[in-house]
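Everything below concerns the one structure shown next.
The values are calculated or read from the model by the stated rules, or taken from the named source; none is laboratory data. Quick caveat: nothing in here was measured; it's all calculated off a predicted structure. No Cβ is skipped: glycine too gets one built from the backbone with ideal geometry, and neighbour counts run over all protein chains shown.
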Amino acid sequence: MSSPRLLFLLNPGRQSRHYIQGLARAAERLRIPFASLEMQDVWDRTAANNPAAYEAIQTQLANFIRTKGITHALGYAHNGVADFGLIRNGQGPARPVLTELGVKHFLLWTDHPEWAAGAVGIQPPLRDICRDPSLIHILKSPAAATEASQILNWPNVISMPMAEDYDQLPPATGITPIHDVVAIMGDCQPFPQVLNQFLTHEDPDPQALDQLLHPVALDRFLSLNPDQTALAKAWLEAKAVNPDRSFASLALGSPTRHSALGTQHLPSLSHLRSNPQLWYSSITALRTATAWRRFFWPAWLARRVNVGIYGSSSAPMNIPHQPEAANWVPYEQQPAIYARGKMALNTNAAHDEEGLTHKPFQIAASNTPLLHHHTRGLSDCFIPTQEVLTFTRGPELLDQVRSLSESPSRRAFLAEALHARARQDHTWDQRLQGLLSQFPH
């Protein structure tokens, strides 16, 4: 078995580029030989779709791979799969250049295939090209990985919690908090108007709010799947009973859990599974019933304590803000923004129903206490009550905010515990070592 030599495919981007760079810095710390390739240069050279340009790039890439002895490549989403063109040998299918050259290629789908880059990953021909056995697809949760494996028929799909490069996100110093709670949200949106009345309720029932939105979700689902009312109602009811499970896992189950929904509605679900674009569109329609959480809870909380929203305008959520707060928060400025609050709040978007996004690790890097909406998979990374506080209902959230606001020592304890756990168990060094151990050359 040869020692690994890595190629990192660097894409432009306000966030994702930092993740690939973080993995490259991990390789440097681990003394793993590596090289980097700027994908923008490749895209510029192939913008005219000139066959000669692809041929030249393929020749240069092949020489580079052989000269450097590259064994593995790692890039964001589908970068590097078809960007260098494809190679067909004999009667077999056309293959990505890197895999044809014998390189194992890791694809980091921190944005899921169903919506990254306009969802081209779930559409032909890229969807079929991504079935190459030398491609390893990395998703953020077991549920999302199972879904991609079963719906897209990709042979190598794994789940892996994300991480951060903590040296690149050191805690900010010398900043006095001006908010009780801070959240960085680059996607502030209004929640359904029917829920406005619950902003004044002291304990809105999440299940009741879901039920109010079931008709909307049902209509959207049936617009895609006429005559599937029974399936839609059963699916929404299953979600109501199991709010911390994804719509996908409720239908597909898992290697260790049987899906009653999948058994009872097998013909209808089989039809959906046969059409990936229809499947993911149908799941998105169902999420209409639950997407309100990400935007409702900050708005509900802002009526009771000082909440600062940064990264986009909070006006759609009826939360007042300073004009500059609506500006995008650059990656390296996150610790300074989180330092403006006594604690940070995070609620996953609807498309991240299970597992963690990068946010908890970025908040941990910032050495800020974290209040996180209860999410399946959170306790696998951080210990509730000791390293992170969780909530599912308003009073629980509000009580914890008020309690922490009045206890600097408790805030410091939680922040330090979260920070220490992240640096101990959730680094890019550990993630990279795990990948190379699981998929040696």
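For this structure, a couple of remarks:
- Single residue of region 160-184 satisfying the filter (touching a Phe, Trp or Tyr at 6+ places or on another chain (Cβ under 7 Å) and of a type in the set (D, E, K, R)) that is surrounded by the most Cβ atoms within 10 Å (Cβ to Cβ): E164
- Identity of the residue in region 418-441, over 18 Å from V388 (Cβ atoms) and touching a helix residue (DSSP H, G or I) at 6+ places or on another chain (Cβ under 7 Å), that ends up surrounded by the most Cβ atoms within 10 Å (Cβ to Cβ): L432
- Candidates D429, D352, D380, filtered to the one that is within 17 Å of the chain's Cα centre (by Cα) and either farther than 30 Å from E147 by Cα or part of a helix (DSSP H, G or I) (or both): D380
- From the list Q150, Q123, Q91, the one residue that fits, being in contact with a helix residue (DSSP H, G or I) (Cβ under 9 Å, 6 or more places away or on another chain) and surrounded by fewer than 16 Cβ atoms within 10 Å (Cβ to Cβ), is Q123.
- Residues of region 320-351 that turn out to be crowded, with 21+ Cβ neighbours inside 10 Å and either more than 24 Å from Q168 (Cβ to Cβ) or charged (D, E, K, R) (or both), as a count: 2
- Taking the listed residues A364, A415, the one that is among the hydrophobic types (A, V, I, L, M, F, W, C) and either surrounded by fewer than 20 Cβ atoms within 10 Å (Cβ to Cβ) or under 27 Å from S246 (Cα atoms) (or both) is A364, with no other qualifying.
- Residues in region 13-30 that are without any contact (Cβ under 8 Å) to a residue 60 or more places away in the chain and not small (G, A, S) were compared, and the one that is farthest from L169 (Cα to Cα) is E28.
A quick yes/no check of all residues on (1) crowded, with 17+ Cβ neighbours inside 10 Å; (2) polar (S, T, N, Q):
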site	(1), (2)
R5	yes, no
H18	yes, no
P33	no, no
R45	no, no
N50	no, yes
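- Residue among D227, D187 that is more than 28 Å from S141 (Cα to Cα), surrounded by fewer than 15 Cβ atoms within 10 Å (Cβ to Cβ) and of a type in the set (D, E): D227
- Elements of type helices (runs of 4 or more DSSP H) in region 2-77, at least 2 residues being in contact with a Lys or Arg (Cβ under 9 Å, 6 or more places away or on another chain) and over 27 Å from D429 (Cβ atoms): 51-68
- Subset of region 64-96 that is touching a Leu at 6+ places or on another chain (Cβ under 9 Å) and either among the small types (G, A, S) or outside the structural domain of Y54 (by TED's automatic domain parsing) (or both) - its residue that is nearest to Y54 (Cα to Cα): A82
- Residue in region 180-202 that is closer than 24 Å to L371 by Cβ, acidic (D, E), in the same structural domain as L345 (by TED's automatic domain parsing) and not in a loop (DSSP other than H, G, I, E, B) present: yes
- Unmet requirement for A291, which otherwise passes all of (1) at pLDDT 95 or above; (2) among the hydrophobic types (A, V, I, L, M, F, W, C); (3) part of a helix (DSSP H, G or I): (3)
- Condition check for A344: within 27 Å of L213 (Cα to Cα), assigned by TED's automatic domain parsing to the domain that holds L418, modelled with pLDDT of 95 or more and outside any helix (DSSP H, G or I): no
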